[in-house]
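Here is the structure we will look at, set down as C-alpha cells.
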Amino acid sequence: MTTPTHWRVPPCAKLSWRRWPDESEYVFYHGATGDTHRLSELAGMIMERALAGPVDTAALMQWLLVQGDAAPEATLDQVFTSLSQLDFIEPLKTGPGDATG
C-alpha cells in the first residue's frame, strides 16, 4: 500500500477521547456512529495529533525510526488502515494547507 502523505479527521466525525494516567491505551467515542473503541498507544497518539490538524506521514515515520521501529512504513500502513476503517481519519488528497482535502 502507498501511504498518503497527510491524514486528517473527517469534518463530519464527532470524536471524544480519554486516556487515563499511567495507561497505554486510549478510548475514543465516535459520536456520528455511536461506537466506542480502545486504541493502542500509537494509534491514540496519532489521533491526538490528527485532532489538532493534518498529520504528516513522513514526520511520523521519522519519529518511529528514532523510537527503534525497523519498519515504520508497515507500522503506519497498519495503523492508518485500522483508523480509516473506523472513519476516524481520512487521507488528504493534497497538501495540509488545502482545507477541501
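Bear in mind that the values in this text are calculations on the coordinates, not laboratory data. Computed from a predicted model, the values in this text were never measured in an experiment. Virtual Cβ from ideal backbone geometry, glycine too; neighbours counted across all protein chains shown.
The label point for TRP63 and the one for THR36, both projected 7 Å from the Cα toward the Cβ, are 2.6 nm apart. For the chain, the membrane-span-like helices by this rule, meaning whole DSSP H stretches whose C-alpha atoms cover at least 18 Å of axis and whose Kyte-Doolittle mean is -1.0 or above, are 72-85; this says nothing about an actual membrane.
Computed from point charges on the beta carbon alone (+1 for Lys and Arg, -1 for Asp and Glu), the dipole magnitude for the chain about its Cα centre is near 280 Debye.
Looking at region 6-90, the pairs of alpha carbons with a distance over 23 Å make up 19% of the total.
Counting only other residues whose beta carbon sits under 14 Å from that of LEU60, what net charge do I get with K and R as +1, D and E as -1? Around LEU60, the charge tally is -4.
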